[in-house]
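Here is the structure we will look at.
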Amino acid sequence: MKGETVVNTVCASHCGGNCLLRVHVKDGVITRVETDNGPEPNQLRGCGRGRALKQRVYGDNRILYPMKRVGERGEGKFERISWDEALDKVASEITRIRDTYGSLSILYLPMAGDLGTVHTVMTGHRLLALAGGYSTWWGTTSFQGGIMSEYYTYGHFYCSNSRDNLLDSRLIIAWGWDPAKTIQGTNSTWVLAQAKERGIRIVALDPMYNDTAAAFADEWIPIKPGTDTAMLVAMAYVMIEENLHDQKFLDTYTVGFDKFRKYVMGEEDGVPKTPAWASPITGVPAETIQRLAREYATTKPAALMPGIGPGRTAFGEQFHRAASTLAAMTGNIGIRGGDAAGRAWVSVVGGYPYKVHMGGGLQFKANPMEDYKTADGVPLGYVHPRVHYTKIADAILTGKAGGYPADYKMAFILNCNYINALPNTNKTVRALKELEFVAVAEQVTTATTRYADIILPTSTYVEREDIVPGAVNGYYGFQNKAIEPVGESKPQNEIGKLLAERLGIEDYDTMTEEERLRWVAKKAQIPNYEEFKKKAIHWLDREGPYVAFEKQIKDPENNPFPTPSGKIEIFSQRLADMNKPNLPPIPKYIETWESPNDPLAETYPLQLVTPHDRRRSNAQFDAFPWLREQSPHGVALSTADARARGIQHGDMVRVFNDRGETQVPANVTNRIMPGVASLSEGAWYEPDETGVDKAGHANILTKDEPSPGGAYAYNTVLVQIEKI
């Protein structure tokens, strides 16, 4: 249009994708958003979430100015204040609480939000470390089970091949993996479409006939939530019993298969893990388990793609460890067309081995309150005195008397809709009401901002500049500033600098934003910074697909795995040394709490899963009218389960258990197993005066208990559903 300019930028809103957007601007206002229209094969096309950007920037819920609470905490009553007043208040509260109660009483509660390298959660980490120290959390909410498994099996987190590697496969097993909804690397579905056109067989396993299965799969195998490890172990039984496993690969590249074999064959506990054993546990027919085992073992190369959903269960790390073990048993690690089966949901924490990762643009500063040596006898990620994120609310409520390291008095929340993101929402609400001070830095009003004392408005990625790695696809994206910040919003790193000044910190960041970005680009080995900014994409040089552990497989003598043994560790001595029965040194099936066999199932007979949704990325985008129209929210349950309850499609229902209740329309469908219900996570918590949620908010139902390895059990939930 006449008078418009087009600004290239990259959307990186925590869906695992990093897509090129072409932002049209006229008179300083965004008029429309297009996506990549460049030449194939390197188009990076955005989805509806990124293309609804206008509604994020200009929506009615955008926070335009600093605000302070004037009603009771949780009422959502605020008044506008100046930046000086807001920053002075936050800085003075940090100082007061530190000096009165000690640094550990200050909680920093971030999440990733919009991904980047400069304007990130490192802001608060560095600021509070320089201010004397703080308390924070451990355990990656998205895929702690996956990264824990990768670390103890392979020695690091970079276990994913680039997506184009799938085109060299002969078989793709999408196990709890639904990139048609959740992106999981830009162009994942485009690659699957090409694979389907080439006749590559695709098998999908999931309690739901998800969109990826519907669009691409040759076969859908429904499986009960929390039982995936049992099926994987039974597949291993078939391979061993029929001598289909790659013993040469196991002897050359792994340690501990003999111990795993004894468990699988029943020599350890007297229970052979046969398909007949696994079938009643999983709901999958024994002959189907046997057939898939044979197919995976004899079709090479084959890619087992474990999504993160099965790992978000009570013993989720066992699913990921078992998947990697099967990848080793079939010799599919480190080869074109195979996959190490770490986790198919990749991000800048695992995947392509970038030189600069998320948050790598601001120098890390050690928290003086923490011991960064992983403590003996605890899972990966624990740093004393951190608290697992699922237990933060409990820690606030009980403090030292409850066995936690401190009595917590303040929370600084950045890039995190904490109330929405963590399990057992009712407990989280009670906890936030107990704190003396809560500061929230956020772009839009959320369930969490209602509980703030001070709200600091942050800018979106089109109102500042940043650099972001491109998940698994081998490129960096530049987030160009397309418009001036709306209202008085500011970038995170600028907020960090302003708070640092008030706290008397002189070395928070000595660079300007432009200097910092050029430093990141140099560190990332991007040769032409100006060209990078103009195009917004810089592809890294590589010949063909990137294959994780290719060097280790081709030349193991000179390229050992970064594990204590130098090999893939099916048996981990580090886990054995922890001596934790529910965190065994070999992968094992362990029945979850709140399984169908739990006595609680008599009252709450439906297993609930809480997958990601097409219209949201975690809690982001939920308020956008365009996306709400595209993808109405509801709880899915089978026709049989609905009929038994007198429920018809579209009826309002209550979904409830002992932890809470939410109300939402019913989506009656044959695309889900009987006995299972599905309520997508991320809908913004909207309680009525009695505490009943009216928005279909899933975490009011989930349990605030991590797995032994730190996985979040979002998919280990029993509920009942009744028509209202």
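The values are calculated or read from the model by the stated rules, or taken from the named source; none is laboratory data. Keep in mind it's a predicted model, so treat the numbers as computed, not measured. FYI the Cβ positions are ideal-geometry reconstructions off the backbone, even for glycines, and counts take in every protein chain you see. With ligands, DNA and RNA removed, areas are computed over all heavy atoms of the protein, side chains included. Shrake-Rupley method; radii C 1.70, N 1.55, O 1.52, S 1.80 Å.
A few points about this structure:
- Some residue of the stretch 200-214 being surrounded by 22 or more Cβ atoms within 10 Å (Cβ to Cβ), of a type outside the set (Ser, Thr, Tyr), in contact (Cβ under 8 Å) with a residue 40 or more places away in the chain and in a helix (DSSP H, G or I): no
- Test: residue in the stretch 325-340 that is of a type in the set (Gly, Ala, Ser), farther than 16 Å from Tyr546 by Cα and touching a Pro at 6+ places or on another chain (Cβ under 8 Å): no
- Being assigned to a helix (DSSP H, G or I) and either out of contact with any helix residue (DSSP H, G or I) (no Cβ under 7 Å at 6 or more places or on another chain) or small (Gly, Ala, Ser) (or both) is a description that applies to Lys391.
- Qualifying positions in the stretch 385-436 - small (Gly, Ala, Ser) and out of contact with any Ser or Thr (no Cβ under 7 Å at 6 or more places or on another chain): Ala395, Gly399, Ala401, Gly402, Gly403, Ala411, Ala431
- Matching entry among Ser162, Ser149 (being small (Gly, Ala, Ser), surrounded by fewer than 24 Cβ atoms within 10 Å (Cβ to Cβ) and closer than 24 Å to Arg343 by Cα): Ser162
- So Ser680, is it closer than 30 Å to Pro587 by Cβ and out of contact with any strand residue (DSSP E or B) (no Cβ under 8 Å at 6 or more places or on another chain): yes
- Failed criterion for Leu64 (all others in (1) in contact with a Gly (Cβ under 8 Å, 6 or more places away or on another chain); (2) within 30 Å of Asp371 (Cβ to Cβ); (3) among the aliphatic types (A, V, I, L, M) hold): (2)
- Any hit, the stretch 393-416, residues being touching a Lys or Arg at 6+ places or on another chain (Cβ under 6 Å) and open to solvent by less than 10 Å² (accessible area, probe 1.4 Å): yes
- So Ala683, is it out of contact with any Ser or Thr (no Cβ under 7 Å at 6 or more places or on another chain), modelled with pLDDT under 95 and aliphatic (A, V, I, L, M): yes
- Residue that is surrounded by the most Cβ atoms within 10 Å (Cβ to Cβ), among those in the stretch 254-284 that are among the aliphatic types (A, V, I, L, M), over 22 Å from Glu569 (Cα atoms) and touching a residue at least 24 places away in the same chain (Cβ under 8 Å): Ala278
- Identity of the residue in the stretch 285-340, touching a helix residue (DSSP H, G or I) at 6+ places or on another chain (Cβ under 8 Å), basic (Lys, Arg) and surrounded by fewer than 24 Cβ atoms within 10 Å (Cβ to Cβ), that ends up farthest from Thr702 (Cα to Cα): Arg336
- Those strands (runs of 3 or more DSSP E) of the stretch 607-724 in which at least 2 residues are over 29 Å from Ile183 (Cβ atoms), out of contact with any Pro (no Cβ under 6 Å at 6 or more places or on another chain) and open to solvent by less than 50 Å² (accessible area, probe 1.4 Å), considering only elements entirely within it, cover 652-657, 660-669, 717-723.
- Test: Glu434 is over 24 Å from the mean Cα position of the chain (by Cα), open to solvent by less than 10 Å² (accessible area, probe 1.4 Å) and charged (D, E, K, R): no
- For the stretch 216-243, taking the residues that are of a type in the set (D, E, K, R) and free of Cβ contacts under 8 Å to residues at least 40 places away in the same chain, the one that is most open to solvent (accessible area, probe 1.4 Å) is identified as Glu241.
- Filter result for Gly139 (touching a residue at least 40 places away in the same chain (Cβ under 8 Å), touching a helix residue (DSSP H, G or I) at 6+ places or on another chain (Cβ under 7 Å), surrounded by 24 or more Cβ atoms within 10 Å (Cβ to Cβ) and of a type outside the set (A, V, I, L, M, F, W, C)): yes
- Filter pass, Ala328 being modelled with pLDDT of 95 or more and either among the polar types (S, T, N, Q) or out of contact with any strand residue (DSSP E or B) (no Cβ under 6 Å at 6 or more places or on another chain) (or both): no
- Residue in the stretch 183-191 that is of a type in the set (S, T, N, Q), on the phi > 0 side of the Ramachandran plot, touching a residue at least 12 places away in the same chain (Cβ under 8 Å) and open to solvent by less than 30 Å² (accessible area, probe 1.4 Å) present: yes
- Options Thr390, Thr398: the member that is out of contact with any His (no Cβ under 7 Å at 6 or more places or on another chain), without any contact (Cβ under 8 Å) to a residue 12 or more places away in the chain and of a type outside the set (D, E, K, R): Thr398
- Which listed residue, of Ile223, Ile173, is touching a Pro at 6+ places or on another chain (Cβ under 9 Å) and assigned to a strand (DSSP E or B): Ile173
Quick grid of which residues meet (1) modelled with pLDDT of 95 or more; (2) closer than 26 Å to Arg321 by Cα:
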| site | (1), (2) |
| --- | --- |
| Arg643 | yes, no |
| Gly650 | yes, no |
| Glu661 | yes, no |
| Asn667 | yes, no |
| Glu689 | no, no |
| Lys703 | yes, yes |
| Leu718 | yes, yes |
| Ile721 | yes, no |
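- Considering the conditions (1) touching a residue at least 60 places away in the same chain (Cβ under 8 Å); (2) assigned to a strand (DSSP E or B); (3) of a type in the set (A, V, I, L, M), Val440 is excluded by exactly one of them, (1).
- Residues of the stretch 441-462 that are closer than 18 Å to Gly116 by Cβ and open to solvent by less than 10 Å² (accessible area, probe 1.4 Å): Ala441, Leu456, Pro457, Thr458, Ser459, Thr460, Tyr461, Val462.
- Screening the candidates Ala366, Ala411, Ala406 for the property of being in a loop (DSSP other than H, G, I, E, B), touching a Leu at 6+ places or on another chain (Cβ under 7 Å) and either touching a residue at least 12 places away in the same chain (Cβ under 8 Å) or not basic (Lys, Arg) (or both) yields one hit, Ala406.
- Residues in the stretch 598-607 include at least one that is under 30 Å from Ala642 (Cα atoms) and touching a helix residue (DSSP H, G or I) at 6+ places or on another chain (Cβ under 8 Å).
- Of everything in the stretch 123-135 that is outside any helix (DSSP H, G or I) and crowded, with 24+ Cβ neighbours inside 10 Å, the residue that is nearest to the chain's Cα centre (by Cα) is Ser135.
- Yes/no for Leu583 being in contact (Cβ under 8 Å) with a residue 40 or more places away in the chain and touching a Leu at 6+ places or on another chain (Cβ under 8 Å): yes
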